Amino acid sequence: MEELRKLEQIQRTLSFMQSRSLVTSSCSNSHDSNRFLANLILLLVQPCGKLDMDDKCRLILKHVPKLSSSFLEEALLWLSQEDSQNNCIASDIVVEENYRDPLLSNNDDLAMVGLDAMQRANSTLEDFCRSYFMFHGMDANCPQAIFKYLPELSFTESFIYQLDSMNEKIVDIPTNGVTLFERDFEVVVLRTSENQSSKLMNVVKNDPFRTLVSLLEQHGLLTERIREEFRCGEEYWALERKLCCALKSNKEISVKEAMRAIHLKSFDYRVLNLLLYQLRGEKVNDLHMEFLSISEFLVEISDDLFDYEDDVLENNFNILRMFVRIYGPSTAPTMLAKYITEAEEKYDNILKSLDPQLSSNYRRRCEEATKEGGKISEHPLGTWSIPPLIVDEESYRSNLLNL
């Protein structure tokens, strides 16, 4: 998303330049020239301490005469040597192996998470508290209820997010360990050694939850159902890699595998829910688990429809992308609607079986979440809106990045 945001900024800058007649169109490399000027303008308008625009302009005018191609080539060589010495990896995969990716550290027997993973997990934890606590008779507005179990819940979800982030990275890492995303993000380059690529893949593919399982077991929190959900997580990541690679290489996709993946995708919510039962010393309520599983399925589809264009850009798993490849653009919406209708019928039937107060509270929570997501609808989960379908994804990415 950060790369996409940068591209949007550049596009707005290019539009501004065009309105001020600053674009270059006479030379053969006019696109590159305009892009360079756009990046320069973006750099100049960024805040920098106490410097104002006049200060920046004076500095530029004073030092530009000192700049030359030989000076820049020397600077490039200097920076390249510094990168080599620090073993820095572009695109934020690894800055220092033992710190940026704790799961790649030498502490193989410790379950560790990084700050970035904790930050990414935060929104999921908030949603979990507001949507699932009520099924445990807990008040999500009570700080004591949240903080009592927050360490275990937060650590577990952050660990999962960390693994999920690593899995997304290796989707685009080929066997030689070098990947160029120029067609996807124009000039974002991922450089990684074969050893680091191999280690990244080994962590995700070979018993990735081992240290977390060991930690939960030590604290008496591990159950067979939690183990099973971890296995579901591994299966989902394997399917995500397989299906996304198949999309990029124009290979056939199985509807059975696509549907299996979308059902597995919310495994982390089920892990948290089962963990909360264990933390509270309660027996798992299978009716609640079944209902929430259907709700999770519908929410995942809704999210995929909302994120469709972004997922095409980033080559992420998205059920609509899969259906367009499997059924074609004319049939895909109809087939997806069929699965949605079947799930909604199950959802409504089980909802009637819940305690009336719980049913009412959950409906209210769904309405809140729908409004917070920017949707207004009479249905608690929102209306189903299929975005414009992208048949040629490669062309779509190229066109967007070349604007």
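Any chance the range 336-359 includes a residue that's in a helix (DSSP H, G or I), among the aromatic types (Phe, Trp, Tyr) and surrounded by 13 or more Cβ atoms within 10 Å (Cβ to Cβ)? Talk me through it step by step, then tell me what you get.
Within the range 336-359, the subset in a helix (DSSP H, G or I) is 336-353, 356-359.
Remaining after also requiring among the aromatic types (Phe, Trp, Tyr): 339, 347.
Next cut, surrounded by 13 or more Cβ atoms within 10 Å (Cβ to Cβ) only: 339, 347.
Yes, that holds for at least one residue.
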> Which pairs have Cβ atoms under 6 Å, sit 6 or more apart or on different chains, and link a residue in the range 1-23 that is part of a helix (DSSP H, G or I) to one that is modelled with pLDDT under 70 and open to solvent by less than 50 Å² (accessible area, probe 1.4 Å)?
Replying inline: 3/185; 3/188
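Taking residue 190, is it over 30 Å from residue 280 (Cβ atoms) and either at pLDDT below 90 or exposed (fewer than 14 other Cβ atoms within 10 Å of the Cβ) (or both)?
Numbers: over 30 Å from residue 280 (Cβ atoms): yes; either at pLDDT below 90 or exposed (fewer than 14 other Cβ atoms within 10 Å of the Cβ) (or both): yes.
The answer is yes for residue 190.
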> Can you pull out the residues in the range 316-332 that are open to solvent by less than 10 Å² (accessible area, probe 1.4 Å), touching a Leu at 6+ places or on another chain (Cβ under 7 Å) and assigned to a loop (DSSP other than H, G, I, E, B)?
Replying inline: 317
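Checking the conditions here, which among 324, 299, 284 is aliphatic (A, V, I, L, M) and more than 25 Å from residue 354 (Cα to Cα)? Before the answer, list the steps.
On the way: 299 fails: more than 25 Å from residue 354 (Cα to Cα); 284 fails: more than 25 Å from residue 354 (Cα to Cα).
Being aliphatic (A, V, I, L, M) and more than 25 Å from residue 354 (Cα to Cα) holds for just one of 324, 299, 284, which is 324.
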> Which is in a helix (DSSP H, G or I), over 19 Å from the mean Cα position of the chain (by Cα) and touching a residue at least 24 places away in the same chain (Cβ under 8 Å), of 247, 279?
Replying inline: 279
>> As an exercise: evaluate residue 264 against (1) touching a helix residue (DSSP H, G or I) at 6+ places or on another chain (Cβ under 7 Å); (2) at pLDDT below 95; (3) among the aliphatic types (A, V, I, L, M) and give the number of the one condition it does not meet.
In response: (2)
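The values are calculated or read from the model by the stated rules, or taken from the named source; none is laboratory data. These figures come from a predicted structure and were not determined experimentally. A quick note on method: Cβ atoms are made from the backbone with ideal geometry, for glycine too, and the neighbour counts reach across all protein chains shown. Areas reflect the complete protein model, heavy atoms only, side chains present, ligands, DNA and RNA absent. Shrake-Rupley method; radii C 1.70, N 1.55, O 1.52, S 1.80 Å.
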